[in-house]
1. Could you list all residues from region 120-134 that are touching a Phe, Trp or Tyr at 6+ places or on another chain (Cβ under 9 Å) and more than 30 Å from P752 (Cβ to Cβ)?
2. How many residues does region 653-687 hold that are part of a helix (DSSP H, G or I) and within 15 Å of the chain's Cα centre (by Cα)?
3. Among the residues of region 147-165, is any within 22 Å of T380 (Cα to Cα), hydroxyl-bearing (S, T, Y) and surrounded by fewer than 21 Cβ atoms within 10 Å (Cβ to Cβ)?
4. Can you tell which of R92, R34 is assigned to a strand (DSSP E or B), surrounded by 15 or more Cβ atoms within 10 Å (Cβ to Cβ) and either in contact with a Ser or Thr (Cβ under 6 Å, 6 or more places away or on another chain) or at pLDDT below 90 (or both)?
5. Just give me the residues in region 368-412 being within 16 Å of the ligand (Cβ to nearest atom) and of a type in the set (K, R), in sequence order.
6. Could you look through region 688-701, keep only residues that are outside any strand (DSSP E or B) and of a type in the set (G, A, S), and pick out the one that is farthest from R740 (Cα to Cα)?
7. Show me the helices (runs of 4 or more DSSP H) found entirely inside region 533-608 where at least 2 residues are more than 23 Å from G627 (Cα to Cα), among the β-branched types (V, I, T) and modelled with pLDDT of 90 or more.
Amino acid sequence: MQVAALDNLHISLQTLPREDFQKIYEACLEDKVRCIVCGKPVKLYLGLTEEPSFYHPNKLENQTCQREEQTLPAEMTPVDTNQYYSEQNGFRIPKSRAIATLEKPTVTDWKTLKTLQGHAPFQPQTIAPTSILGIPLDAEQKEAVTTVNGPLLILAGAGSGKTRVLTTRALYMIEEMNINPKSIMLVTFTAKAALEMKHRIKQQTSLQSSQLNQLVIGTFHSIFYKILHHHDRQKWNGNHLLKWDWQKENYLKQACREFGIDEKEFPFDQALQQISYWKNTLLMPSDVKPNDTFEENALSLYTYYEEQKLSHGQFDFDDMLVKCYELMNENPEVLSSYQNRFQYFLIDEFQDINPAQYNLMKILSSHTRNLCAVGDDDQTIYSFRGSDPTFILSFKEEFPSAKIVHLASNYRSDHKIVSAANAVIEKNKRRLSKKMAAQYETANEPKCFFPYDEEEEATMIVQDIKEKIASGAQPDDFAILYRTHTGGRAIFERFVQSSIPFVIEKGQNSFYERKMVRAVLAYLQLSINPDHVSALTELIRPLFLKQSALNDVKALSILHDCTLVDALLQLNGLPAFQMAKLKKVIPRISHLKKKKPVEAIIIIEKELGFNDYMKKQGNEGNAMDKGSDDIHDLKVVAKKFSTVESFLQHTDHMILTQKALKEKQGSQGVQLMTIHRSKGLEFPYVYIVGAVDGSLPHDFALEAARKGNYDYLEEERRLLYVAMTRAKEHLLLSAPDNRRNRKAVQSRFLKPLLTKSSGSLD
Ligand SMILES: Nc1ncnc2c1ncn2[C@@H]1O[C@H](COP(=O)(O)OP(=O)(O)OP(=O)(O)O)[C@@H](O)[C@H]1O
């Protein structure tokens, strides 16, 4: 059905602007929209398989009313296109009569799904199946397993069975070559991968646990921490570990005070990331050459941080690598004792190795050169942490005698997915040339869909998943991948509304708890409740007041018997310009509640000085994580609400839900995660959201490319490649027409996949 009624207004999907579809969808969830034939509530279908329509959940009712709708008098069908809008109940309706919204859709029409085109036809391969220790392997996998001595690089493309190869290789070495398990070190990037390897090895062998336990399998950090601990138990005692960022930040804050850096305006999280980057690339404070003021400040903090750590006998995670490298490098007798113990080295995810890890492994294996590195240069996605693809790209130069084995058969994904992923990644210039070949093909096609914006994108995905579950799929079969945590906000909210079980990344905070978002919400909270203590606490910094002002305001509110907001005007001893500013801002706070949430946010930004505050926060210069981007995202949500009160109810509900999930969350359900987290995983159905410029590729990469540095853009392309190759049979990409309330441009990475006839990429 194309027409329904909301508060006696007829709404036609033919003429309703696309930007209002989501609002109507939500009004339908609240049973506010009714069938024009029978008067019962209807729902709005916003999914992928059909065009939008109103429907009754009851099939019979649906058929009857659909039939009857055809016979309704003509005036029920909207025709007039020359009317203009007024607003009622938050919806735009024509001024002159109350039938439907008649203006021709101003934004975008409904676009049907497009197939993502790969460029190669499927070529069935005749792989001579072989096996080792009863484990099926192809010829290349077998070669990778049985080449035990000397340097070996296994270039293992996505889905080519590298885990199978690594575990079989370890077993082959022990069982077939009688190598002492004690002399083998298998290093992984995550504790989860280490556990998975141990589990698979145990499953595939009849060897005794006592023998298998001698095999050293662990992450870089766990293995090298054990070595340091063994060497000096007193110093490398877990109690001395700086585990949490807040512990490190305390040192940085002390340093700020000492060096006169304005603590309030310094982005400590970025500084910690920068320090960690320097350490992992083996740059000591004396080696760093700062590029800008931020790096100059970060360097001063780095020096101070290291001194404090040393004087308190503490260490951090990065020290586990850096100090172990120093230990080996500076003490030949220690190095040789470990070389006597270890003769064979296997490194997983070699493309993500950083200089500290690489140098450590190189020095440890220098006596035998039995170094087996497994990786895929197309999956390097951690360079912001110091990972350096150069090590995999120049392995042959570093080890001229090295053998290189290519694993190019993809056992995971359908041919059309592999072919589309190949078409994306082959545009990267800095890579080892290779092409993955799928092992099977089904009738499924990877597709791209074009929602109006982030909100509609989330609705469409949840609807699609509902339909697929109704036809037999399990919630666990699905993953929804996004570029950044905030990119998952709308999806999270739609899952909270649905009854589908879902899982989010552990420990993730709500979008509404982000620093800038919290501050904007605080203005709105105070407009409704001028005695909201925690909102006032949030506002102290945006109002450029000292932290001590908070207690003064509380005392003044008692003394003058006024609200906390009014007490701000009673503050003494402020410079005249600041008092003048407060006099301008404070009286306006209470008016915000009368505005629509979006308008209120714009007033906060532009008229109450919030934009100035954001600019002074330092991270506006960091294109990766801008406060203003968060506020744009907040406005996308706010648009759906007509009152500040209902908007705040929503944000509170979301914060509480996410907190509850943090404490108690099952492990079964649709997986919501960043692309980074999805590395190494596979799912029958994968949705990739936000395939538009600015999101994927991220703005900061586009910015760098504009300045002539294409490295980040290549890494963004690799991210898309990793995301696409997580899908086994079904891949769906979404390219919304709008993002952050602005017209969006489809991701440049989709160009090779969407033919010109799609008309939208020119
Ligand atoms: N020789 C083989 N025959 C059949 N299936 C295989 C073979 N090798 C691997 N597989 C299957 O292919 C899938 C991908 O393997 P695996 O997870 O080890 O890939 P990967 O190389 O680690 O992938 P990625 O790097 O993309 O995470 C798994 O389901 C695995 O069981």
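1. Of the residues in region 120-134, the ones touching a Phe, Trp or Tyr at 6+ places or on another chain (Cβ under 9 Å) are 122, 124, 132-133.
Across region 120-134, the qualifying residues are I132, L133.
2. The first filter runs over region 653-687 and keeps only residues part of a helix (DSSP H, G or I), leaving 653-663, 675-678.
Checking the rest, the ones that are also within 15 Å of the chain's Cα centre (by Cα) come to 675-678.
The number of residues fulfilling the criteria is 4.
3. Step one: list which residues in region 147-165 are within 22 Å of T380 (Cα to Cα), which gives 151-165.
If we keep only those that are hydroxyl-bearing (S, T, Y) as well, we get 160, 163.
Retained after the next criterion (residues that are surrounded by fewer than 21 Cβ atoms within 10 Å (Cβ to Cβ)): 163.
Yes, region 147-165 has at least one match.
4. Sole residue among the options that is assigned to a strand (DSSP E or B), surrounded by 15 or more Cβ atoms within 10 Å (Cβ to Cβ) and either in contact with a Ser or Thr (Cβ under 6 Å, 6 or more places away or on another chain) or at pLDDT below 90 (or both): R92.
5. R412
6. A701
7. Output list reads 549-559.
A quick yes/no check of all residues on (1) more than 31 Å from the chain's Cα centre (by Cα); (2) more than 26 Å from S387 (Cα to Cα); (3) assigned to a loop (DSSP other than H, G, I, E, B):
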| residue | (1), (2), (3) |
| --- | --- |
| Q247 | no, no, no |
| A255 | yes, yes, no |
| A271 | no, no, no |
| Y277 | no, no, no |
| N291 | no, no, yes |
| E295 | no, no, no |
| L299 | no, no, no |
| Y304 | yes, no, no |
| Q308 | yes, yes, no |
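The values are calculated or read from the model by the stated rules, or taken from the named source; none is laboratory data. The model shown is predicted, which means the values in this text are computed figures rather than measured ones. Ideal geometry is used to build each Cβ from the backbone, glycine not excepted, and the neighbour counts take in all protein chains shown.
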